[in-house]
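To keep things clear, I will list the structure first and then write my remarks on it.
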Amino acid sequence: MRIILLGAPGAGKGTQAQFLMNKFGIPQISTGDMLRAAIKEGTPLGLEAKKVMDAGQLVSDDLIIGLVKERIAKADCENGFLLDGFPRTIPQADAMKENGISVDYCLEFDVPDEVIVDRMAGRRVHPASGRVYHIVYNPPKIDGKDDETGDELVIRDDDQPETVRKRLGVYHEQTQPLVAYYKAEAEAGNTQFATIDGTQPVDKVSQKLAEILA
Ligand code: AP5
Ligand code: ZN
């Protein structure tokens, strides 16, 4: 199964990707996680991406498209994948089409901006696994530690309220047009499209996704 998770920063894409990955045994392809890993390793890609990400802007389409193409070609994607944070612009969606990469579902998470600002303020992440927590809404079993490894959780550099607002602006301008794009794709019979109320608690959202994908 090939799935796109579409939604604003903090809409819950990464959180639900963990659920879907376990349920369907398909890998999560998070372009954000891939870029953060490159930053940590200090690769040329990471150095280029860091400034852009800290400013809440998008990394160039060419760079991201190359990254995703390479990732999808790996053996673990044979039975499908979860795209988390890609495509994020019309040219990225067009590039998928041009490369013959179709998807079975595009799932949009609908969450108002006010809810998102509150979520980001309490987000804690485990970079090595992609697991995501919230100090109130989805707390780890032990304060500040990842449930499975016990590693220290961290705050993302781009989760400052000012950067979050910038990212939301970029989302509305450059990514939201993909909602109409994939609705049109669904009408043409090329994929299925569904909008999920992302303001529900984490397990309710998971339940809804399981129903849609059953
Ligand atoms: P990326 O890492 O993709 O960030 P994003 O899309 O901004 O999304 P987030 O990871 O912030 O949110 P999420 O939807 O995964 O929410 P989460 O589950 O964590 O991208 C980062 C940057 O990389 C971009 O700004 C850009 O610069 C660059 N980049 C990445 N991809 C790119 C691309 N394709 N093209 C160009 N540039 C690219 O949840 C958030 C919080 O809410 C957590 O604390 C969580 O516990 C909590 N939460 C989740 N669900 C619920 C719920 N139902 N109820 C209550 N709390 C919840
Ligand atoms: Zn994420």
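Just one of the numbered conditions (1) within 16 Å of ligand 2 (Cβ to nearest atom); (2) more than 18 Å from Ile116 (Cα to Cα); (3) part of a helix (DSSP H, G or I) is not true of Gly14: (2). Of all the criteria given as (1) in contact (Cβ under 8 Å) with a residue 60 or more places away in the chain; (2) open to solvent by 40 Å² or more (accessible area, probe 1.4 Å), the one not satisfied by Asp84 is (2).
When Lys204, Lys141, Lys208, Lys166 are checked against the criterion of being without any contact (Cβ under 8 Å) to a residue 24 or more places away in the chain and surrounded by 15 or more Cβ atoms within 10 Å (Cβ to Cβ), Lys208 stands alone in meeting it. Considering region 77-99, the residues that are part of a loop (DSSP other than H, G, I, E, B) and away from ligand 2 (no atom under 16 Å from the Cβ) include one that is nearest to Ile155 (Cα to Cα), namely Thr89.
The condition of being modelled with pLDDT of 95 or more and more than 13 Å from ligand 1 (Cβ to nearest atom) holds for only one of Met34, Met1, Met21, that being Met1.
Looking for whichever is open to solvent by 30 Å² or more (accessible area, probe 1.4 Å), touching a Leu at 6+ places or on another chain (Cβ under 7 Å) and within 15 Å of ligand 2 (Cβ to nearest atom) here; the options are Arg119, Arg131, Arg156, Arg124. Which one fits?
Working: Arg119 fails: touching a Leu at 6+ places or on another chain (Cβ under 7 Å); Arg131 fails: touching a Leu at 6+ places or on another chain (Cβ under 7 Å); Arg156 fails: touching a Leu at 6+ places or on another chain (Cβ under 7 Å).
Among Arg119, Arg131, Arg156, Arg124, only Arg124 is open to solvent by 30 Å² or more (accessible area, probe 1.4 Å), touching a Leu at 6+ places or on another chain (Cβ under 7 Å) and within 15 Å of ligand 2 (Cβ to nearest atom).
What do you reckon, is Ile64 within 14 Å of ligand 1 (Cβ to nearest atom) and farther than 18 Å from Ile196 by Cβ? So Ile64 fits the description; yes. Residues that are more than 18 Å from Met1 (Cα to Cα), surrounded by 16 or more Cβ atoms within 10 Å (Cβ to Cβ) and touching a Phe, Trp or Tyr at 6+ places or on another chain (Cβ under 7 Å) within region 178-198 comprise Ile196, Gly198, listed in sequence order.
Scan region 20-43 for residues that are in contact with a Leu (Cβ under 7 Å, 6 or more places away or on another chain) and under 15 Å from Leu213 (Cα atoms) and the total you get is 3. The condition (being β-branched (Val, Ile, Thr), without any contact (Cβ under 8 Å) to a residue 24 or more places away in the chain and within 9 Å of ligand 1 (Cβ to nearest atom)) is satisfied by just one residue among Val59, Val52: Val52. All conditions but one from (1) among the polar types (S, T, N, Q); (2) touching a Ser or Thr at 6+ places or on another chain (Cβ under 9 Å); (3) away from ligand 1 (no atom under 13 Å from the Cβ); (4) in contact (Cβ under 8 Å) with a residue 40 or more places away in the chain apply to Thr195; the one that does not is (2). Taking the criterion of being within 21 Å of Met96 (Cβ to Cβ), among the hydrophobic types (A, V, I, L, M, F, W, C), part of a helix (DSSP H, G or I) and open to solvent by 40 Å² or more (accessible area, probe 1.4 Å), no residue of region 46-62 qualifies. Here Thr149 meets each of (1) touching a His at 6+ places or on another chain (Cβ under 9 Å); (2) β-branched (Val, Ile, Thr); (3) under 20 Å from Leu82 (Cβ atoms) with one exception, condition (3).
The values are calculated or read from the model by the stated rules, or taken from the named source; none is laboratory data. Nothing here was measured: the structure is a model prediction, and the numbers come from that model. Cβ sites come from the backbone with ideal geometry, for glycine too, and all protein chains shown count toward neighbours. Surface areas here come from the heavy atoms of the whole protein model, side chains and all, with no ligands, DNA or RNA. Shrake-Rupley method; radii C 1.70, N 1.55, O 1.52, S 1.80 Å.
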